[in-house]
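The structure appears below as C-alpha cells.
Just so it is clear, none of the values below were taken in a lab; they were calculated from the coordinates. What you see is a predicted model, and the numbers here were worked out from it, not measured in a lab. In this analysis, Cβ positions are derived from the backbone assuming ideal geometry, glycine residues included, and neighbour counts consider all displayed protein chains.
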Protein chains: 2
Amino acid sequence: MSPAAPTPAYRRLSVEARRAQLLEAALSLFAHRAPEDVSLDDVAEAAGVSRPLVYRYFPGGKQQLYEAALRSAAEELRNCFDEPHDGPLVPRLARALDRYLAFVDGHDAGFTALLQGGSVVETSRTDAIVDDVRRVAAEHILTHLDVPAPGPRLRMTVRMWITAVEAASLIWLDEGKQPPVEELRDWLVEQFVAMLSVTAARDEQTAALTRRLLSPADD
Amino acid sequence: MSPAAPTPAYRRLSVEARRAQLLEAALSLFAHRAPEDVSLDDVAEAAGVSRPLVYRYFPGGKQQLYEAALRSAAEELRNCFDEPHDGPLVPRLARALDRYLAFVDGHDAGFTALLQGGSVVETSRTDAIVDDVRRVAAEHILTHLDVPAPGPRLRMTVRMWITAVEAASLIWLDEGKQPPVEELRDWLVEQFVAMLSVTAARDEQTAALTRRLLSPADD
C-alpha cells in the first residue's frame, strides 16, 4: 500500500451521508447520459472517491446503483403530485405539473432513457418502478378531484392523461424543450380539462366533477 | 430412424407456407399468454410438428420466434391505420380504431405483455418494433388530416392521443374489456377531437383543421 495523503472530506462522512453522496453523483450522471454511457469510474470520479469505495456501498455494481438512483428519482417524481389540498383545483394541477416538468427538464437524458426503454440495464424491476410512479400520480390526482369512489371512466381518463403527459414530455425533450415550459404546462392542463369534459358526456360522476372544475367559485 | 406414417399435411407445405404456419401458431400462443409462458414445445404442438422442425425454421429458438411473431403483429397493427382517404375524417378514424381495438381484443395477453414490458424476452429490438408502430400510426393519421406540413403542436397532439389510446387499451383489457368496444371507440374519437380543439387555441394550423373536422360538410 502506498501512503496516501489524508483526505478529511473522504473520512468524515457517515455511512448514510456517503451513500447519499454517491447516489447523488450517480443520479446527476444518469440524469444527462444514457445508463450504458455511465461507468462506475465516472461515478467514483464525480463523487471524488475510489472505485472500490463505490463497490463497498453498492456491491451489485452499476445495476444496483442505477436502480437505487432510479428509486430516488421515482420518490422525487411521486412527490411532484403531492400538492396541498388547498384552493382551486386547476391551479393545484398546474403547480404539480410545474414540479413534474422541472424534474423532466433537470433529468432530461435519464428521463428519456427510463421511459423509452431499450437501455442495457433495463429490467422488469425498473419497469415496475416506472409503473409505480404512474400509479401514485394517478392516485394523487384522484384524491385532488375529491370524488369519493372514482369509477372506471374517470380513472381511465386520469390514466390516459398521465400517459399523454409522459408522451408530451418525451417529445418536448426531443424537440429541444420547445414550446416554453409554461406554455407546455398550460396546454397540458387544458388537455386534462378537455379530456374530462369528453368523459363527462358519458359519465355522470365526471360530469359533476367537470361542473365543479369549471365553475368560477371552484372549491 | 423409426418408420413414420406418412403425414401428407406435414410434407406438402412449401418452406414459405411452413414458416407462415409456425408463425401463426406462435402468434396465437403469444397473443393469449405472456412470452415467458410459451415454450417451443407449445408452438410445435400447436402447429402439429416436431420441436426440431421448429428449430430448423427458427434456429434462434423462442427469442427469434417471438420477434418474428411480433413483427408480423406489428405489420397487422400498422395496417389498422392504413385507411382509404375517402369520405369524412371522423368516420375514417373510427374505422381505423375499430380495426385497432379488434386487434387488441384478439391479442389481449400478447398486447399487454408487449406494451407493459418487463417480459423475459424483451429486448431493445422489441421496443424498437413498438416505437415503429407508434410512428407509422402517427404518420397515417397525419396524412389523413391532410395538412401539408404538420407543425410541432399538431404532431405532438397526435402522438399524445396515440399514447392515450394505448393506455386506454391496456386498461380496457385489464378491466375485462369494459366498456363495450363500440363505446370505447367513440369515446377515443371524441378525445381526439377534444385534444385537437385545445391545441387549436394555440396553433392556427390545428385551428383550421379543427374547423374542417367539425364542419358538417367535412371534406
**Asked** Counting only other chains, what is the mean number of Cβ atoms within 10 angstrom of the Cβ of each residue in peptide B:187-199?
**Response** 5
**Item:** Positive-pole candidate from A:LEU23, A:ALA44, A:TYR57, dipole of region A:8-63, charges at beta carbon
**Value:** A:TYR57
**Message:** From the helices alone, meaning DSSP H stretches of at least four residues, give me the mean residue ellipticity at 222 nm for chain B, per-run term -39500 (n - 2.57), in deg cm²/dmol to the nearest 500.
**Reply:** -24000 deg cm²/dmol
**Asked** Distances from A:ARG95 to the same residue in each other copy, label points 7 Å out along Cα→Cβ, in nm, shortest first?
**Response** 5.0
**Item:** Pseudo-label separations to other copies for B:THR143 - Cα-to-Cβ vector, 7 Å, nm
**Value:** 4.8
**Request:** Highest first, please rank the peptides A:159-169, B:147-157 by the mean number of other Cβ atoms sitting within 10 Å of their residues.
**Result:** A:159-169, B:147-157
**Request:** Enumerate the helices in chain B for which the Kyte-Doolittle hydropathy averages 0.0 or more and the C-alpha atoms extend at least 30 Å along the helix's axis, using complete DSSP H runs.
**Result:** B:152-174
**Item:** Between region B:129-206 and region B:54-68, the Cα center-to-center distance that results, in Å
**Value:** 34 Å
**Complete:** In Å, the C-alpha Rg and Dmax of region A:69-214 are 15.4, 47
**Prompt:** Could you give the nm distance between label points at B:GLU24 and B:GLU183, where each point is 7 Å from its Cα heading toward the beta carbon?
**Reply:** 3.5 nm
**Fill in**
In terms of the alpha carbon gyration tensor, root eigenvalues a ≥ b ≥ c, rounded if a/c is under 1.5 and otherwise prolate when a/b exceeds b/c or oblate, the protein assembly as shown is oblate
**Message:** So the label point sits 7 Å from Cα along the Cα-to-Cβ vector; using that for A:GLU16, what distances do you get to the other copies, in nanometres, sorted shortest first?
**Reply:** 6.9
**Item:** Ordering of B:87-94, B:176-183 by packing [mean C-beta count within 10 Å, highest first]
**Value:** B:87-94, B:176-183
**Request:** Could you work out, residue by residue across B:150-156, how many beta carbons of other chains sit within 10 Å of that residue's beta carbon, and then give the average as an integer?
**Result:** 3
**Request:** Using the Cα centre as the reference, give the magnitude of the dipole from point charges on the C-beta atoms of the protein assembly as shown (Lys, Arg: +1; Asp, Glu: -1; all else neutral), rounded to the nearest 20 debye.
**Result:** 980 debye
